[in-house]
Amino acid sequence: MNESDYNLGLFATPFCHRKIKNWKEKKAQLLKLKVEKHVKHVKEENIITDFPFSNEHNYSQKIEEILKEELNSIYMCLGIKDYFIKNSWIEVANKNMDHQVHNHGAIGLSAIVYLDYNPKYHSPTGFISPTNLFDTGSSSLYFPDNIDDGSLVVFPSVINHFSKRNDSDIPRTILSFNIDPPLVT
């Protein structure tokens with residue numbers, strides 16, 4: 001190599017995992033949103049979600065208040081300022097339900113809070129590498145470690161992800177939300 005040659009990991013993909021502190025208390029607060037949000041629900045693809053109706057309610061401020069400490073920690077780690085929760089929804093996967101590969105758009109971050117999750121019965125969300133140019137095998141998939149009830153993960157919205165089929169009789173419930181930058185004027 002000469003002095004003008006270099007190797008660089010061009011764009012790093014941030015992925016943050018936090019265990020939510022005071023989980024029992026915060027879970028109760030988040031589950032109150034679930035009760036309110038599931039007044040209307042639909043079966044979308046192969047999951048139960050209130051996503052089509054999530055814009056009818058604004059839970060962003062409540063979620064930001066409940067998860068303030070964890071979100072601030074993630075924002076500091078990533079050097080992020082002035083982001084806001086754009087929308088949120090609940091997903092429930094009963095037995096034999098899954099959520100097929102999808103992403104949440106090209107801008108911002110997305111988050112998952114595992115509300116009712118037991119690693120003995122459930123699999124964490126799977127993420128597909130955006131740069132799997134040379135490998136089509138299992139290394140192009142990522143299943144985060146140490147996911148449990150009360151885990152919060154944040155990742156770029158553009159990353160394709162999915163949930164495996166729930167083979168248990170125990171429902172898997174998550175709260176998901178998108179974190180967008182402020183509009184540029």
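Structure above, values below:
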item: Given (1) of a type outside the set (S, T, Y); (2) over 20 Å from T49 (Cβ atoms); (3) open to solvent by less than 60 Å² (accessible area, probe 1.4 Å), number of the condition G79 does not satisfy; result: (3)
item: Cβ pairs under 8 Å, 6+ apart, first in the range 24-48 and at positive phi, second modelled with pLDDT of 85 or more; result: E45/H99; E45/Q100
item: Selection from the range 83-124 of residues that are part of a loop (DSSP other than H, G, I, E, B), open to solvent by 50 Å² or more (accessible area, probe 1.4 Å) and within 18 Å of E70 (Cβ to Cβ); result: Y83
item: Any hit, the range 145-160, residues being of a type in the set (D, E, K, R) and at pLDDT below 95; result: yes
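The values are calculated or read from the model by the stated rules, or taken from the named source; none is laboratory data. It should be emphasised that the depicted structure is a prediction, and the values quoted were computed from it without experimental measurement. Methodologically, a virtual Cβ is constructed for each residue, glycine included, from the backbone with ideal geometry; neighbour enumeration extends over all protein chains shown. Just so you know, the surface numbers come from the protein's heavy atoms only, side chains and all, with ligands and any DNA or RNA stripped out. Shrake-Rupley method; radii C 1.70, N 1.55, O 1.52, S 1.80 Å.
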